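Engineer: There's a structure below that I have some questions on.
What follows draws every value from the coordinates through simple rules; no lab data is involved. Keep in mind it's a predicted model, so treat the numbers as computed, not measured. Positions of Cβ are generated from backbone atoms using ideal geometry, with glycine treated the same way; all protein chains shown enter the neighbour counts.
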Amino acid sequence: MNESDVRERLAEVRDPDLGGDIVSLGLVNGVDVDEADGTVHVSLALGAPFSPTESAIADDVREALADTGLDVELSASIPDDLSTEEQVLPGVQNVIAVASGKGGVGKSTMAVNIAAGLSKLGARVGLFDADVYGPNVPRMVSAEQRPETDGETIVPPERFGVKLMSMDFLTGEDDPVIWRGPMVHKIITQLVEDVEWGELDYLVMDLPPGTGDTQLTILQTLPLTGAVIVTTPQDVALDDAVKGLRMFGKHDTNVLGIAENMAGFRCPDCGGFHEIFGSGGGKALAADHDLPFLGGVPLDPAVRTGGDDGEPVVLEDGETADAFKMLVENVANNAGVVRRRGVSGER
């Protein structure tokens, strides 16, 4: 077997999202056949570690080369000339913003569970609570440990395998944050640059609700892979979610999809399912704007208790946990689509 033979085999492996084979799409960075050692090393342009789709592509590559008699070694990286890693956060592969047009839709709950769910898949994950005026992620994950610093850099604490940073770590317990836009820009930029995130597969950004200074700072400063828009089924939440969509659109930021929270309630007594806030709003919003629907999470008391000094629901078992797990997988898969499209030149 030589490189040409290997590439011919790899041309049989298709990308289920982009619709072509991985060779013609440019998703094979390189092939190195070492006949002396009996190995073949294949470098793939995959950018969403532990996403089910990219894991399946890697498995298909191994299967395509299984009968060659060679030991197959795989690695994955986005080519440097296509990567945004050199601009900011050099050790972070993907920055995912979790946003909403209005408060009260469970955006922070989604961010916490997305981060914890990605970590459970095996990824290296950070969670940045960027809600300067109302940070609550540390409480939601029972983060008692505070960040450490040597005066120049900040080492974030970890919880459930996720590195954490929040404005809540830097203020008094009941102290309000009263800052104008320039100060918000400065502190967000400083926290991003001064925190020792290390090597991360995903950095999840929990944005404040709305379309204000914090959002603009992040959009202008960080290389976002994409954004998750959180809504509830009712019209008033959907109206505000559209504003968030337009904000990301104006800044040419990919939207990974729509996540619907409080999508019905199953009564623990009668077993009936009640659509308290309506039904299908998030899915309809996604369809109207030609975006993926990431999934719906029901209104469940376990989510509240998980957000009040408990562990994220995605780490548990049950219907709601399964809904979060599906949503997490869709987020990772869609992040992969964005990265692979960048390599293949598709838009």
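Engineer: Which residues' amide hydrogens lie under 5 Å from the amide hydrogen of Gly226, considering only partners 5 or more residues apart or on another chain, with H built in the peptide plane?
Structural biologist: Under 5 Å from the amide H of Gly226: Val95, Ala97.
Engineer: Specify the angular offset, from 0 to 90 degrees and rounded to the nearest 10, of the alpha carbon long axis of helix 181-194 from the longest principal axis of the alpha carbons in the chain.
Structural biologist: 40 degrees
Engineer: What relative contact order, as a whole-number percentage, does the chain give when Cα pairs under 8 Å and 6 or more residues apart are counted?
Structural biologist: 21 percent
Engineer: Note down the relative contact order for segment 3-76 as a percent, whole number, built from C-alpha pairs under 8 angstrom at least six residues apart.
Structural biologist: 32 percent
Engineer: Okay, next question. Can you give me the C-alpha center-to-center distance between segment 278-298 and segment 15-37, rounded to a whole angstrom?
Structural biologist: Going from one Cα centre to the other spans 34 Å.
Engineer: Net charge near Ala66: determine it from the other residues with C-beta under 11 Å of the C-beta of Ala66, scoring Lys and Arg +1 and Asp and Glu -1.
Structural biologist: Result for the neighbourhood of Ala66: -3.
Engineer: Running a GNM on the chain with Cα contacts under 10 Å, which residue among Gly103, Gly257, Gly272 ends up with the highest mean-square fluctuation?
Structural biologist: Gly272
Engineer: Next question, about the same structure. Can you compute the helix-only [θ] at 222 nm over the chain? Use -39500 (n - 2.57) per DSSP H run of at least 4 residues, normalise by all residues, nearest 500 deg cm²/dmol.
Structural biologist: -10500 deg cm²/dmol
Engineer: Tell me, in nm to one decimal, what length is gained between Glu193 and Thr221 on full extension, where the rule is 0.36 nm per residue of separation less the Cα-Cα distance?
Structural biologist: Here the segment from Glu193 to Thr221 would lengthen by 9.0 nm.
Engineer: Please sort 217-224, 331-338, 113-120, 39-46 by packing, taking for each peptide the average over its residues of neighbouring beta carbons within 10 angstrom, highest first.
Structural biologist: 113-120, 331-338, 39-46, 217-224
Engineer: Next up: Give me the net charge for the shell around Val314: Cβ to Cβ below 11 angstrom, other residues only, Lys and Arg +1, Asp and Glu -1.
Structural biologist: Counting the neighbours of Val314, the net charge comes to -3.
Engineer: Using the Karplus curve 6.51 cos²θ - 1.76 cosθ + 1.60 with θ = phi - 60°, work out ³J(HN,Hα) for each residue of segment 17-31 in order, rounded to whole Hz, and write x for Gly and Pro.
Structural biologist: Karplus-based 3J(HN,Hα) across segment 17-31 equals 8, 8, x, x, 7, 5, 6, 5, 7, x, 8, 10, 5, x, 10 Hz.
Engineer: Between Glu158, Glu260, Glu144, where does the largest GNM mean-square fluctuation fall for the chain, given springs only between Cα atoms within less than 10 Å?
Structural biologist: Comparing Glu158, Glu260, Glu144 in a Gaussian network model of the chain, the most mobile one is Glu144.
Engineer: For Ala36 and Glu152 in one chain, what is 0.36 nm times their gap in residues minus the Cα-Cα distance, to one decimal in nm?
Structural biologist: Length difference between fully extended and current span is 36.9 nm.
Engineer: Still on this model: Determine the alpha carbon to alpha carbon distance for each of Lys186/Lys283; Lys163/Lys186; Lys120/Lys186; Lys107/Lys186 and list only those over 31 Å.
Structural biologist: Lys186/Lys283; Lys120/Lys186
Engineer: What is the calculated FRET efficiency for Cys270 to Val242, with r their C-beta to C-beta distance and R₀ = 30 Å, to the nearest 0.05?
Structural biologist: Computed FRET efficiency for Cys270 and Val242 comes out at 0.25.
Engineer: For the chain, what is the convex hull volume of the alpha-carbon atoms per residue, in Å³?
Structural biologist: Hull volume over Cα atoms, normalised by residue count, gives 155 Å³.
Engineer: Further question on the same structure: Which of Thr232, Thr214, Thr149 moves most in a GNM of the chain, Cα contacts under 10 Å?
Structural biologist: With Cα springs under 10 Å in the chain, the top fluctuation among Thr232, Thr214, Thr149 is at Thr149.
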